[in-house]
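The values are calculated or read from the model by the stated rules, or taken from the named source; none is laboratory data. Owing to the predicted nature of the structure, the values given are computational and were not obtained by experimental measurement. So basically every Cβ, Gly included, is an ideal-geometry build from the backbone, and we count neighbours across all protein chains shown.
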Amino acid sequence: MKSISDAFSDWVSDSGLEHKFIEANIKTNWEQIVGKSISNCTSSINVSIPNIYIKINNAPLKEMLFHQKSDLLNTINTYLKKEIIKDIIFL
């Protein structure tokens, strides 16, 4: 017998809503994922799996994140517990 959690996960996957849940999860928990300083400089987040589009309103931070893109990708995917996001596009 499946647990309620497993049944819900299966339903989300089967219904095609998984991407919407991932997007909501990232947006809702952005500060927890990247920390307060990055979160405070983020003006918008859009997820179109496998990409995430992030608007950073601090030029030096945006440049730094661009150079540390692989670390940020790893942080996001570690939080999601899956290798879902493949690229970050900074706006």
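Scanning segment 41-50 for residues that are surrounded by 12 or more Cβ atoms within 10 Å (Cβ to Cβ) and either among the aliphatic types (A, V, I, L, M) or more than 15 Å from residue 24 (Cα to Cα) (or both) yields 41, 42, 45, 47, 49.
From (1) modelled with pLDDT of 95 or more; (2) over 30 Å from residue 7 (Cα atoms), pick out the condition that doesn't hold for residue 37. Failing condition for residue 37: (1).
Of the set (1) within 17 Å of residue 90 (Cβ to Cβ); (2) within 11 Å of the chain's Cα centre (by Cα), all apply to residue 68 but (2).
Taken together, 55, 27, 62 contain a single residue that is touching a Phe, Trp or Tyr at 6+ places or on another chain (Cβ under 7 Å), touching a residue at least 12 places away in the same chain (Cβ under 8 Å), charged (D, E, K, R) and at negative phi, which is 62. Scanning segment 8-36 for residues that are of a type in the set (S, T, N, Q), within 9 Å of the chain's Cα centre (by Cα) and under 19 Å from residue 71 (Cβ atoms) returns a single hit, 29.
Residues of segment 51-81 that are closer than 13 Å to residue 26 by Cα and loosely packed, with under 12 Cβ neighbours inside 10 Å: 78, 81. The residues of segment 37-65 that are more than 13 Å from the chain's Cα centre (by Cα) and in a loop (DSSP other than H, G, I, E, B), listed by number, are 41, 57, 58.
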